[in-house]
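*Asks:* Mind having a look at this structure? Questions to follow.
The values are calculated or read from the model by the stated rules, or taken from the named source; none is laboratory data. All figures in this text were calculated on a predicted structure; none of them were measured in a lab. Here the Cβ is made from the backbone with ideal geometry for all residues, glycine too, and neighbour counts use every protein chain on show.
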Amino acid sequence: MLQLRGTAKVQKQLNLKPRDLSPIRVSESGLGDWVVHLATIDRRKVFLFVNEKTLLSFISYGVTKKNAKNIHDVFINGIFRYMCLEDFSAKAIDQMMQGYFDMEYTKTNSRKILGNVNNLMQTYAHYIYTEGGLEYCDLTAIIQQINRMPQRHIDWKYSVDAAKAVFD
């Protein structure tokens, strides 16, 4: 089961109350649990999804109150497309998707991960603005580039390589 650890902004966007949040558990499925953060880039709301184990990340933009309720579908579609783009094996993709059919929300539980989330959000914003905004940038290339940046939290490995190692 997937646990999406939502920041306070995400909880507010989804209108989640404390009673709607599940207790925090460590997931053994796929890559484990993910943190989701909401920010505004180029006057559009974006969800940033970051994996806790590998810091693998991707963003999805165009978030509204109406479509934010479909965050599970947004996440599944985003991670599936990214894994296909990065040539993950069919077995790895299948293994990932099997564990993520069900989802529950929790609050965040790690300041260390939140620090990484904030740094990644600033990096995404920088690259997007440098390329002229969401309308003109190649978001796929930006996501790939950021996942190929060495990350101190995972011993200076690339997030994409750390994620592939989980499935090997």
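Condition check ((1) closer than 17 Å to Asp161 by Cα; (2) touching a strand residue (DSSP E or B) at 6+ places or on another chain (Cβ under 6 Å)) across all residues:
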site: Leu55; (1), (2): yes, yes
site: Asn67; (1), (2): no, no
site: Ile93; (1), (2): yes, no
site: Met97; (1), (2): no, no
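*Asks:* Moving on. Go through (1) more than 15 Å from the chain's Cα centre (by Cα); (2) under 20 Å from His37 (Cα atoms); (3) outside any loop (DSSP other than H, G, I, E, B) for Gly133 and report which single condition fails.
*Replies:* The failed condition is (3).
*Asks:* So which residues in region 88-116 are of a type in the set (Lys, Arg), loosely packed, with under 12 Cβ neighbours inside 10 Å and touching a residue at least 60 places away in the same chain (Cβ under 8 Å)?
*Replies:* Result: Lys91, single match.
*Asks:* Identify, from the list Tyr127, Tyr82, the residue that is aromatic (Phe, Trp, Tyr), in contact with a Phe, Trp or Tyr (Cβ under 9 Å, 6 or more places away or on another chain) and in a helix (DSSP H, G or I).
*Replies:* Just a single option satisfies the conditions, and that option is Tyr82.
*Asks:* Can you tell which of Val36, Val26, Val63 is outside any loop (DSSP other than H, G, I, E, B) and β-branched (Val, Ile, Thr)?
*Replies:* None of the others qualify; the one that does is Val36.
*Asks:* Gly115 is checked against (1) part of a loop (DSSP other than H, G, I, E, B); (2) of a type in the set (Gly, Ala, Ser); (3) within 18 Å of Val10 (Cβ to Cβ) and fails just one. What number does that condition carry?
*Replies:* (1)
*Asks:* Here is a further query. Please work out which one of (1) closer than 16 Å to Asn147 by Cβ; (2) touching a residue at least 12 places away in the same chain (Cβ under 8 Å) is the condition Asp33 fails and give its number.
*Replies:* Failing condition for Asp33: (1).
*Asks:* Going by the structure shown, is Gly6 buried (at least 17 other Cβ atoms within 10 Å of the Cβ) and closer than 20 Å to Met121 by Cα?
*Replies:* In short, yes.
*Asks:* Could you tell me which of the residues Leu85, Leu55, Leu31 is among the aliphatic types (A, V, I, L, M), surrounded by fewer than 16 Cβ atoms within 10 Å (Cβ to Cβ) and within 16 Å of the chain's Cα centre (by Cα)?
*Replies:* On inspection, the qualifying residue turns out to be Leu85.
*Asks:* In addition: Step by step: first the residues of region 117-168, then only those that are among the hydroxyl-bearing types (Ser, Thr, Tyr) and within 24 Å of Ile93 (Cα to Cα), then the one that is surrounded by the most Cβ atoms within 10 Å (Cβ to Cβ). Which residue is that?
*Replies:* Checking each candidate, the answer is Ser159.
*Asks:* Against the condition assigned to a strand (DSSP E or B), of a type outside the set (Val, Ile, Thr) and either under 23 Å from Asp155 (Cβ atoms) or at pLDDT 95 or above (or both), how does Leu55 come out, does it pass?
*Replies:* So Leu55 does not fit the description; no.
*Asks:* Sticking with this one: Say we look at region 140-159 and pick out the residues that are touching a Phe, Trp or Tyr at 6+ places or on another chain (Cβ under 8 Å) and touching a residue at least 40 places away in the same chain (Cβ under 8 Å); which of these is farthest from Tyr127 (Cα to Cα)?
*Replies:* Top of the filtered list is Gln151.
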